[in-house]
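The block underneath contains the structure these notes are about, expressed in C-alpha cells.
The values are calculated or read from the model by the stated rules, or taken from the named source; none is laboratory data. None of these values were measured; they are calculated from a predicted model. Every residue, glycine as well, gets a Cβ built from its backbone with ideal geometry; the counts of neighbours run over all protein chains shown. Heavy atoms of the whole protein, side chains included, go into the accessibility calculation; ligands, DNA and RNA do not. Shrake-Rupley method; radii C 1.70, N 1.55, O 1.52, S 1.80 Å.
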Amino acid sequence: MRNTYNKCQQASVESRGEGLDFAERYSRQVLFAPIGEAGQRKLAEARVAIVGCGATGSALASLLARAGVGYLRLIDRDYVEASNLQRQVLFDEVDAAESLPKAIAAARKIAAFNSGIAVEPHAADLTPDNVEDLLSDVAIVLDGTDNFETRYLINDFAVSRNLPWIYAAGVGSYAVTMNILPGETACLACIFPDSPRGIVETCDTAGILNSAVNLVASIAATEALKLAVGARDQLRRTLLSYDVWTNDFATVQANKPREGCRACGQRKFIHLAGEGRPHVSLCGRNSVQIHERERPIDFDEVSRRLSPHGAVRHNDFILRFWRDPYEITLFPDGRAIIKGTTETAIARSLYARYIGS
Ligand SMILES: [Zn+2]
C-alpha cells in the first residue's frame with residue numbers, strides 16, 4: 001500500500017555517506033557550522049511526517065526535501081485546485097487540471113528535484129484509526145493542516161508517545177508556530193484548551209498571503225532541522241506569532257507544561273479516543289452529515305463571511321451555502337449536511353474550510 005517515490009533509493013543510501021553527489025548537493029548547508037558534515041548525515045537518517053500538504057505543508061516539504069531529510073511521509077486528504085497555486089509551492093497548473101491528490105503531486109515534484117531521499121505519500125485523512133500507522137515510526141511530526149480537529153489529534157498522539165511536533169498555522173497575513181516537546185514545553189492543549197468557537201476565520205474565508213505561510217513554514221522547517229541534528233538547546237520555547245502586513249510580532253512563553261493540562265498533565269487523550277471528533281455519517285444519496293457538538297453558530301456572521309465565496313441564504317433555522325459542486329446546509333448548533341459528496345474526508349475538509357473547526 002505504501003508507495004515510495006524514490007527511483008534510486010539504493011544508490012542514494014550508498015551515497016548518503018561520502019558520495020560525490022551527496023557532498024556537492026549539500027555543500028552550502030554543510031558549510032553552515034551548526035550543521036556540518038555530521039549534521040548532514042543525521043538529516044539523511046531523519047524521518048519526518050508532514051500532516052497536510054497545502055500551503056504550509058508543501059513549503060515545509062520542499063524545504064526539508066531540499067535540505068536532505070532522508071525520509072518524508074506526506075499525508076493529505078485534498079486535491080489540487082486552481083485556487084491553491086497562489087501559495088502552494090509544490091503544485092502546478094497540470095496538477096490542478098488533473099485534480100491530483102496533493103500528497104501524490106507533492107511526492108512527484110520532490111522526486112524531480114531530490115531523487116536521493118524517500119518520500120511516502122498518503123492521500124488520506126489523519127484519523128484516530130490510522131494515526132498509529134501513519135505517525136508511530138517517525139521522529140518528528142510537522143503541522144501543515146488547516147484545522148484544530150487534526151491538530152488536537154496530532155497533539156494527543158505526540159504527547160502520548162513523547163514525540164516532538166511543531167504547530168504551524170496561517171490566515172490572512174498572520175502566522176503562528178510553536179514547538180511541542182512533550183515533557184519539556186507546553187503542548188497545544190496547554191495553550192489552547194479548546195478549539196476556538198464562534199467566529200473562526202479560515203484561509204477560505206479570510207484569504208491568505210503566500211508570504212505569511214512561507215514565513216511560518218521556514219521557521220518551522222528550521223526548528224525541525226535543529227531537532228533532527230540534535231541542536232535541542234537552540235529550539236524556540238515560545239508560541240511565536242507574526243503579521244507580515246502590520247509587522248506585529250509577539251511571543252508567549254511556552255517553556256513548561258500548564259498545570260492540569262488535559263493532555264500532557266492528566267493524560268486524557270480524548271482526541272486520540274475519537275471523543276473530540278465530530279461524528280460523521282453518510283446521509284441520503286450523495287450527502288455527508290457532520291455532527292459538530294456544542295458549537296453555537298451566528299448565521300449573520302457566517303453569512304457575511306461566506307457571501308464572497310458563493311451563494312448563501314439563511315433564515316432562523318438553517319443556512320445554506322452553494323459552492324459548485326457542493327451545497328452546505330448548516331444548523332444553529334453547528335451540525336451540517338454537505339451535499340455533493342459521499343466521501344467523509346472531503347466533507348470534513350469543506351467544513352474546516354468554510355465553517356471552521
Ligand atoms: Zn499540555
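Conditions: (1) assigned to a helix (DSSP H, G or I); (2) away from the ligand (no atom under 12 Å from the Cβ); (3) crowded, with 24+ Cβ neighbours inside 10 Å. Leu142 meets all but one. Number of the miss?
It fails just one condition, (1).
Step by step: first the residues of segment 57-101, then only those that are modelled with pLDDT of 95 or more, of a type outside the set (A, V, I, L, M) and open to solvent by 10 Å² or more (accessible area, probe 1.4 Å), then the one that is nearest to the chain's Cα centre (by Cα). Which residue is that?
For segment 57-101, the residue satisfying everything is Ser62.
Could you please give the count of residues in segment 154-163 that are open to solvent by 20 Å² or more (accessible area, probe 1.4 Å) and either in a loop (DSSP other than H, G, I, E, B) or not basic (Lys, Arg) (or both)?
Residues that pass the stated criteria total 2.
If His271 satisfies all but one of (1) open to solvent by 30 Å² or more (accessible area, probe 1.4 Å); (2) within 16 Å of the ligand (Cβ to nearest atom), what's the number of the condition it fails?
So His271 meets the others, but not (1).
Working only within segment 312-331, note down all residues that are at pLDDT below 85, open to solvent by less than 60 Å² (accessible area, probe 1.4 Å) and out of contact with any Ser or Thr (no Cβ under 7 Å at 6 or more places or on another chain).
Within segment 312-331, Phe331 is the sole residue that qualifies.
Please specify each residue of segment 102-126 satisfying the condition of being in a loop (DSSP other than H, G, I, E, B) and surrounded by 18 or more Cβ atoms within 10 Å (Cβ to Cβ).
Quick first cut of segment 102-126, residues in a loop (DSSP other than H, G, I, E, B) only: 114-117, 124-126.
Once the filter is applied, which keeps residues that are in a loop (DSSP other than H, G, I, E, B) and surrounded by 18 or more Cβ atoms within 10 Å (Cβ to Cβ), segment 102-126 yields Asn114, Gly116, Ile117, Asp125, Leu126.
So which residues in segment 319-357 are within 27 Å of Gly170 (Cβ to Cβ) and part of a loop (DSSP other than H, G, I, E, B), if there are any at all?
Asp324, Gly334, Thr341, Glu343, Ile355, Gly356, Ser357
In this structure, does Ala186 turn out to be among the small types (Gly, Ala, Ser), open to solvent by less than 20 Å² (accessible area, probe 1.4 Å) and either in a helix (DSSP H, G or I) or within 16 Å of the ligand (Cβ to nearest atom) (or both)? Before the answer, list the steps.
Working: among the small types (Gly, Ala, Ser): yes; open to solvent by less than 20 Å² (accessible area, probe 1.4 Å): yes; either in a helix (DSSP H, G or I) or within 16 Å of the ligand (Cβ to nearest atom) (or both): yes.
Answer is yes for this residue.
From (1) open to solvent by less than 20 Å² (accessible area, probe 1.4 Å); (2) away from the ligand (no atom under 13 Å from the Cβ); (3) out of contact with any Ser or Thr (no Cβ under 6 Å at 6 or more places or on another chain), pick out the condition that doesn't hold for Val171.
(1)
So Leu181 fits all but one of (1) within 13 Å of the ligand (Cβ to nearest atom); (2) open to solvent by 30 Å² or more (accessible area, probe 1.4 Å); what number is the exception?
Leu181 satisfies every listed condition except (2).
List the pairs whose first member sits in segment 229-244 and is of a type in the set (Lys, Arg), whose second member is surrounded by fewer than 19 Cβ atoms within 10 Å (Cβ to Cβ), and whose Cβ atoms are under 6 Å apart, counting only residues at least 6 apart or on separate chains?
Arg237/Asn255
Provide a single number: the residues in segment 241-261 that are within 16 Å of the ligand (Cβ to nearest atom), out of contact with any strand residue (DSSP E or B) (no Cβ under 7 Å at 6 or more places or on another chain) and either modelled with pLDDT under 95 or open to solvent by 50 Å² or more (accessible area, probe 1.4 Å) (or both). Lay out the reasoning, then the answer.
Restricting attention to segment 241-261, the residues satisfying the condition of being within 16 Å of the ligand (Cβ to nearest atom) are 252-261.
Then keep just the ones that are out of contact with any strand residue (DSSP E or B) (no Cβ under 7 Å at 6 or more places or on another chain); that gives 255-261.
Subset that is either modelled with pLDDT under 95 or open to solvent by 50 Å² or more (accessible area, probe 1.4 Å) (or both): 255-259.
Result for segment 241-261: 5.
Given the structure, is Ile290 surrounded by 14 or more Cβ atoms within 10 Å (Cβ to Cβ), more than 14 Å from Gly356 (Cβ to Cβ) and touching a helix residue (DSSP H, G or I) at 6+ places or on another chain (Cβ under 8 Å)?
no
Please determine, by comparing only the residues of segment 54-101 that are in a loop (DSSP other than H, G, I, E, B) and of a type in the set (Asp, Glu), which one is farthest from Thr145 (Cα to Cα).
So the residue we want is Glu98.
May I ask you to say which residue of Glu14, Glu37 is over 26 Å from the mean Cα position of the chain (by Cα) and modelled with pLDDT of 85 or more?
Working: Glu14 fails: modelled with pLDDT of 85 or more.
Just one listed residue meets the conditions, Glu37.
Pairs needed: first member in segment 104-117, more than 16 Å from Asp21 (Cβ to Cβ) and among the aliphatic types (A, V, I, L, M); second member anywhere, in a helix (DSSP H, G or I) and modelled with pLDDT of 95 or more; C-beta distance under 7 Å; at least 6 residues apart or different chains.
Short answer, once both residue conditions are applied: Ala106/Ser58; Ala106/Ala61; Ile110/Ala61; Ile110/Ala65.
Of everything in segment 19-56, what is of a type in the set (S, T, N, Q) and surrounded by fewer than 20 Cβ atoms within 10 Å (Cβ to Cβ)? Give them in sequence order.
First, the residues of segment 19-56 that are of a type in the set (S, T, N, Q): 27, 29, 40, 56.
Result: Ser27, Gln29.
Starting from segment 123-138, keep only residues that are at negative phi, then list their pairs with residues that are open to solvent by less than 30 Å² (accessible area, probe 1.4 Å) and of a type in the set (S, T, N, Q) whose Cβ atoms are within a distance under 7 Å, requiring at least 6 positions of separation or different chains.
Leu126/Thr150
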